[in-house]
Amino acid sequence: MIALNINGEDRNVDVPEDMPLLWVLRDVIGLTGTKFGCGIAQCGACTVQLDGRPVRSCVLPAASVGSRKITTIEAVSATPSGKKIQDAWLNLEVVQCGYCQSGQIMSASALLDRNPDPTDRDIDAAMSGNICRCGTYPRIRAAIKQAAKA
Amino acid sequence: MSKPSSSPSPKTGTSRRAFLQGGGLILGFALFGVGTTPVLAASTALPVDGDVTAAFSPDAYIRIGTDGQITLILPNIEMGQGTHTGEATLIAEELEVGLDQVKAVDAPPNDKLYATAALGGQATGGSTSMRATWEPLRKAGATARMMLVAAAAAEWSVPVTECVAKLGIVTHQPTGRQLAYGALADAAAKQPVPTEVKLKDQKDFQLIGKSSRRLDTPGKVNGAVKYGIDIRVPDMKVATVAACPVFGGKLQDVDDKAARAIAGVRDIVKLDNAVAVIGDHFWAAKKGLEALNITWNEGANAKLDSSNIMAALKAASERKKPIMARQEGDVEAKMKAAAKKVEATYELPFLAHAPMEPINCVVHVRSDECEIWVGTQVPAIAQGVAAQVTGYPLEKVILHNQLIGGGFGRRLVAESVAQAVAIAKQVSYPVKVIWTREEDIQHDLYRPAYYDRISAGLGEDGLPTVWVDHVAGGSVLGNYIPSGWPEDKLDDDAVEGAAKPPYDLPVIHVDWVREDPPVPITWWRGVGPTHNVFVVESFMDELAHAAGKDPVEYRRALTKNQPRVAGVLELVAEKSGWGTPLAAGMGRGISLHDAFGSFMAAVLEISVSPAGEITLHRAVVAVDCGVTINPNTVEAQIEGGLIFGLSAALYSGITFSEGRVDQSNFHDYRILRNNEAPKIEIHHVKSTESPGGIGETATVSAAPALGNAIFSATGKRLRTLPFNRDELKTGGTEKKSVSMIPPLTAPLLAALATTKAEEPSETASEEL
Amino acid sequence: MKRLGLLFLAAVVVIGAGVAIFLFKPASLPDVSEAAAKLPTGQALIDRGEYLTRAADCVACHTTAGGKPYAGGLAFKLPFGIIYSPNITADKETGIGNWTDAEFVRALHQGIDKAGQNLYPAFSYAAYAQMTTEDALAIKAYLFSLPPISAEAPKNELGFPFNQRYVMRFWNLLFVPGPLQPDPKQSEEWNRGAYLVEAMAHCGECHTPRNLMFAVNNGKKFAGAELQGWKAYNISSDKQTGIGSWTDQQLFDYLSKGHAEGRGSATGSMGEAVDFSLRHLTPEDVKAIVTYVKSVPPQTSADKAIVEAEPATLTASTAYAPAANAATQDSLGLKIFQGACASCHGWNGEGLQTPYASLKGSRTVNDPDGTNLIQVILKGAHMTTQQGRQSMPGFANAYSDVEIAALSNYVLGHFGGKQSAITPDNVANARKQ
């Protein structure tokens, strides 16, 4: 049994010790907003926040999470910057297919939480690990800047 | 009032009948037949099921419930391109409702009913959606509105002409009396279906041409929407699969002892050419798969290598009898008479689609029926292959189409659905099959490789007097149509973008040699034009250079009779500041084309470092896509399409060694990242022409604009994709290499080695 | 004068005959019956053999990437040609299924195959020569308990004179020791460690420089060396260039888990050594190895891989961003790091999802030559851990020499505080290894 705190709720899950958090969320808990993209931390679709910090859940063994609080896309609106980022995403119509956007939003809101006024360089550092196959990068950049002003 | 939303067909909707049950007004429309005839208006449950009724052939439905809920059942699939919003806009414009008053859902599979004429089957692809639905969906909306207005007029016993509809409410103008659509729905269904429908004048458009909010996005920023991969049905298990790493190979033997010992592994399922492990969750399945000891019978392709494939293409191009695509004027005479002859050879690689959502499919095969949940661009084909695999009749295959996390052509084929059904057939419970990214990259159906020889003769003025393009590559159509494509017949896709370049070229010869590769191929974003326009536009730049002319000036001279082409050319030249000086190491490249009914010119500004590294600075795009239904969506598609194409031009290429695909995941099938994307500016040419396609248009522009920019920055013409940046090195300090062997022994060993080996080790000899 | 000439001729003939006998007389077989009698039988023997086979890390050399264990075929690219490891499964045609116990022990102790031919010291028999006959027999028992695999190893590609196997007899005379004798002055733990390190794990085969004759030069024991494009770092007790400043716990963790806090993770051949061999050893045996290794006298090597644990670039960074004023703001290396690397490694050197991705204190990111760094970037790394397989993909296919050189320089500067000048040529050469 592994004890996890997911979106403010304590959960006990009976899963193998090496099982990445991604699959615990998706296949055991049923929170499917966090996506599987590559399985090797190269695309960022699986990004969740641990104590507000973005991590790639596809390579993060659930057993190593410990007491850190897990926030997924389903609850990001409750984080300091989550709602602002979501609103900016809709205002600027960032989303196309949307599959990578859970991860993009988790990375972006964590960026804004720690850095309320990110520069282009800050955005490069925080967002380049998240691949978007639809090519929404320019709008992601613009939306982060818009959210920072909101 | 309902929230704007877009969703796939509801889980419970097992048939079209279910969509149409309940009260209110339901209108079905045949979009792609002769005219747009409403064939159905009913206020009660349908007497017949559309699947089996030849008399009805509606493609789209408008349903207005008595509660005021307006549902649009749309023929095309939403996969990020904004089709649902666009199609809803067309209906809503004439129906006189706001986009926030409607809900858009995918139609269930039915090839007869939802065939997109351009694709010859129920499919979403080829940038066809808005082009195909532009007239019919507006007529559909207008028809429904007229019936609602007529119902209101009858209710008030007033002339129809005194009533106006707006935002879902009919108002009797003289008295100010109002009735909402919901209240009118039942009565409207009893009104006769109008035979003459007049559409709005373009100047009166309220929604078309405005950047309305997309319907499908709110649920995509909070994790609420479900893609195919998110489907969970009761008692479902999860499988992952390994197909023979060599195409055409078969499963010979599998030792599953270790896999079965892994906690959570339920079943191991063998297929003819693959093996799947089913587990309680994906992790168990994946670990189980890794623990299998599989022996493959690799078959005929075991030694397949990219260099063989390209050599075969080259040989075919030079020796095989081509199929003529276009021939006008006396090519030979003009070539002889030319003041100058220019020729070049271009090579393009296989490409994987790599949509962000990995291939997946949920299937439950029961004793008498098969239920499928999958995001597909071709629901009817998917249903068909499932019927084939199960042996069930078509109506016993229930398919729920889902939102798609990226298609790009990958989901225009349903081979993975067939595989999933074959797996699920062997177990009693529902199975979600998920491919790993590695499986996705290594078992795609690829955009084919091409080898094109192109030449032109130039007149005294430097302009081409004759143009010859020999295309060589596989037939995508031939691999797409189950019955194949005649060997001697032209596959238009192979020469699309080459046969009719948007230039005044009176003497032209374009042909195609078909050489199907030994690996599966299919459509890829931008289809034929992505390949051909790269060749045509790169070569056009070569000609301009050979003639000593500015590339824009040169194209201007060749588009005098192509007003829409010239229009985007002028606009892009102006907006990009074409001709203004650039810093050293920078370059500007242009690309011009028409495809999918749209016209586009793009200018890319880049810099190339002495080490050969390319930085993308700025892209300026001018587009004429006819009437713009949703400018924001058009711009999003151009931005995304361009980045998709740049990604491929810089990094993508599937290669084979020892029969296997060399790439496997995003670390080696590289995708452009946020910090590499250029700034993109988009400028529209105002137009009242029918809308053109936009989902793939900018992808086509990317590679030629980049190649031409590279030439402008470095003077080097790269004719092979992806661009080999190593060829762009111009210098920089080079340190002597370090020794890889113990320093003391190096001289001795090197001396000994040089006496024997034909090739002395490079590191060793440098030490001498 | 004439007589002198004859005498000389006679001497030449005699010496020549002696040399010929030395070179060509059939090799004799050892008597292994005494040792065999001391061993347990059945599963107990196989279990002991399995442990020892792991300790001797036979699988690392006798298995190709993705190939079946012990089926051989791995290529050793040496300056004088290519040698392929043989199949050591019990297959009678292609493996060692027909070998007798004595033949097997002779191979391990003397580097002589079943036919009496000399083997090449790419096979580390100079280390295994120090192994007890009992242990050698246990290893054979284990190998013979596995299913035989039919797999013909490719023919070696060696030119003259290296293809003349008898020459190795001179080499053996000079460089092959006898069984390891316990040192009564040292503790039992130390002696156990010495046996594991010298006769089993054969650490010196990689970590000790080789002399002109390609034999390990024990005058520079554990001073570090390069082979197959990788550096085997100095593991003598030198505080600066060796492991002298590592704590026992760090060494223990590194050897038994492939990672030690503040020291990074084992990759390349060392990663394999941990994954295939060391992590399977008992904690007592790993401790014994630590005790022995720490006692090896310091060797100062010329290696510049001197760890700077907390360079300013690191301490000024957070996990998610380098310092705002960092000098490398617009570098190509940074750009690549942002996209392909930062998601796991972070900027503060601690690793984001797993400590295995931590770079802080690792010699690989502190070596201005970048030898191992380039290799890891090209080929990736993996390690089996308590929490599953940890791995990093190899980036060779999609990233250019220019990019990998730039990335390497960035990483060395940021994580090691090192000025480096890795060039695209360095990367191109590393690719050939």
Considering residues that are in contact with a helix residue (DSSP H, G or I) (Cβ under 8 Å, 6 or more places away or on another chain) and of a type in the set (Val, Ile, Thr), the number found within the range B:556-593 is 2
If a residue must be of a type in the set (A, V, I, L, M) and under 16 Å from the mean Cα position of the chain (by Cα), how many such residues does the range B:438-454 contain?
1
Report yes if C:Asp101 is under 23 Å from C:Ile149 (Cα atoms) and either aliphatic (A, V, I, L, M) or open to solvent by less than 30 Å² (accessible area, probe 1.4 Å) (or both), otherwise no.
no
Taking the criterion of being out of contact with any Lys or Arg (no Cβ under 6 Å at 6 or more places or on another chain), open to solvent by 10 Å² or more (accessible area, probe 1.4 Å) and over 16 Å from B:Lys200 (Cα atoms), would at least one residue in the range B:135-146 satisfy it?
no
Working carefully through the options B:Ala566, B:Ala622, find the one that is in a strand (DSSP E or B) and either facing another protein chain (nearest Cβ under 10 Å) or farther than 25 Å from A:Cys97 by Cβ (or both).
B:Ala622
Does B:Val246 count as more than 14 Å from chain A (Cβ to nearest Cβ) and either assigned to a loop (DSSP other than H, G, I, E, B) or over 30 Å from B:Val374 (Cα atoms) (or both)?
yes
Among the candidates C:Asn397, C:Asn409, residue that is open to solvent by 10 Å² or more (accessible area, probe 1.4 Å) and within 14 Å of chain A (Cβ to nearest Cβ):
C:Asn397
Does at least one position in the range C:239-257 carry a residue that is part of a strand (DSSP E or B), closer than 22 Å to C:Ser277 by Cβ and modelled with pLDDT of 95 or more?
no
Among (1) facing chain B (nearest Cβ under 10 Å); (2) within 24 Å of C:Val274 (Cα to Cα) - the single one C:His202 does not satisfy
(1)
Of the residues in the range A:40-55, those that are in a loop (DSSP other than H, G, I, E, B), crowded, with 24+ Cβ neighbours inside 10 Å and not polar (S, T, N, Q) come to A:Ala41, A:Cys43, A:Gly44, A:Ala45, A:Cys46
Residues of the range A:131-141 being facing another protein chain (nearest Cβ under 7 Å) and either part of a loop (DSSP other than H, G, I, E, B) or at pLDDT below 95 (or both), in sequence order, are A:Ile131, A:Arg133, A:Cys134, A:Gly135, A:Thr136
Can you tell me which residue among B:Thr688, B:Thr699 is within 26 Å of A:Asp124 (Cα to Cα), more than 14 Å from chain C (Cβ to nearest Cβ) and β-branched (Val, Ile, Thr)?
B:Thr699
Which ones in the range A:66-106 are free of Cβ contacts under 8 Å to residues at least 40 places away in the same chain, within 11 Å of chain B (Cβ to nearest Cβ) and of a type in the set (S, T, N, Q)?
A:Ser77, A:Gln86, A:Gln101
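Yes or no, residue by residue, for (1) buried (at least 22 other Cβ atoms within 10 Å of the Cβ); (2) over 30 Å from B:Asp267 (Cβ atoms):
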| site | (1), (2) |
| --- | --- |
| B:Ser428 | no, no |
| B:Val431 | yes, no |
| B:His443 | yes, no |
| B:Trp467 | yes, yes |
| B:Val471 | yes, yes |
| B:Asp504 | no, yes |
Exactly one condition in (1) surrounded by fewer than 24 Cβ atoms within 10 Å (Cβ to Cβ); (2) within 23 Å of B:Ile638 (Cβ to Cβ) is false for A:Gln96; which is it?
(1)
Quick check on B:Asn675: is it within 9 Å of chain A (Cβ to nearest Cβ) and not in a loop (DSSP other than H, G, I, E, B)?
yes
What are the residues in the range A:112-122 that are more than 7 Å from every other protein chain (Cβ to nearest Cβ) and closer than 22 Å to C:Leu332 by Cα, if any?
A:Pro118, A:Thr119, A:Asp120
Selection over the range B:258-295 where residues are under 33 Å from the mean Cα position of the chain (by Cα) and farther than 20 Å from B:Pro358 by Cβ yields a count of 2
Those residues of the range B:366-379 which are open to solvent by less than 20 Å² (accessible area, probe 1.4 Å) and either touching a Lys or Arg at 6+ places or on another chain (Cβ under 8 Å) or in a strand (DSSP E or B) (or both) amount to B:Cys370, B:Ile372, B:Trp373, B:Val374, B:Gly375, B:Thr376, B:Gln377, B:Val378
Condition check for A:Ala63: open to solvent by 30 Å² or more (accessible area, probe 1.4 Å) and either at the interface with chain B (Cβ under 10 Å from one of its Cβ atoms) or in a helix (DSSP H, G or I) (or both):
yes
The lone condition C:Pro147 fails out of (1) more than 14 Å from chain B (Cβ to nearest Cβ); (2) over 28 Å from C:Glu226 (Cβ atoms) is (1)
When the residues of the range B:576-629 are filtered to those that are open to solvent by less than 20 Å² (accessible area, probe 1.4 Å) and polar (S, T, N, Q), which remaining residue is nearest to B:Val536 (Cα to Cα)?
B:Ser591
Single condition C:Val167 does not satisfy, out of (1) within 14 Å of chain B (Cβ to nearest Cβ); (2) open to solvent by 40 Å² or more (accessible area, probe 1.4 Å); (3) touching a Gly at 6+ places or on another chain (Cβ under 8 Å)
(3)
I'd like the full set of residues that are over 30 Å from B:Phe539 (Cβ atoms), hydrophobic (A, V, I, L, M, F, W, C) and open to solvent by 10 Å² or more (accessible area, probe 1.4 Å), limited to the range B:342-365.
B:Val365
Cβ contacts < 6 Å: first residue under 21 Å from C:Gly219 (Cα atoms), restricted to the range C:299-313; second residue hydrophobic (A, V, I, L, M, F, W, C), any location; separation 6+ or different chain. Result?
C:Gln299/C:Ala223; C:Ser301/C:Ala223
Conditions (1) under 16 Å from the mean Cα position of the chain (by Cα); (2) buried (at least 19 other Cβ atoms within 10 Å of the Cβ); (3) within 30 Å of B:Leu292 (Cβ to Cβ); number of the one not met by C:Leu143
(1)
Scan the range C:122-160 for residues that are among the basic types (Lys, Arg) and free of Cβ contacts under 8 Å to residues at least 24 places away in the same chain and report the count.
0
Can you name every one of the helices (runs of 4 or more DSSP H) wholly within the range C:297-394 that holds 2 or more residues which are more than 9 Å from chain A (Cβ to nearest Cβ) and surrounded by fewer than 18 Cβ atoms within 10 Å (Cβ to Cβ)?
C:312-315
Only one residue in B:Thr628, B:Thr633 is more than 9 Å from chain A (Cβ to nearest Cβ) and not in a strand (DSSP E or B). Which one?
B:Thr628
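The values are calculated or read from the model by the stated rules, or taken from the named source; none is laboratory data. The model shown is predicted, which means the values in this text are computed figures rather than measured ones. Cβ coordinates were reconstructed from backbone atoms using ideal geometry, including for glycine residues, and neighbour counts include every protein chain displayed. Surface accessibility is based on the protein's heavy atoms, side chains included, excluding ligands, DNA and RNA. Shrake-Rupley method; radii C 1.70, N 1.55, O 1.52, S 1.80 Å.
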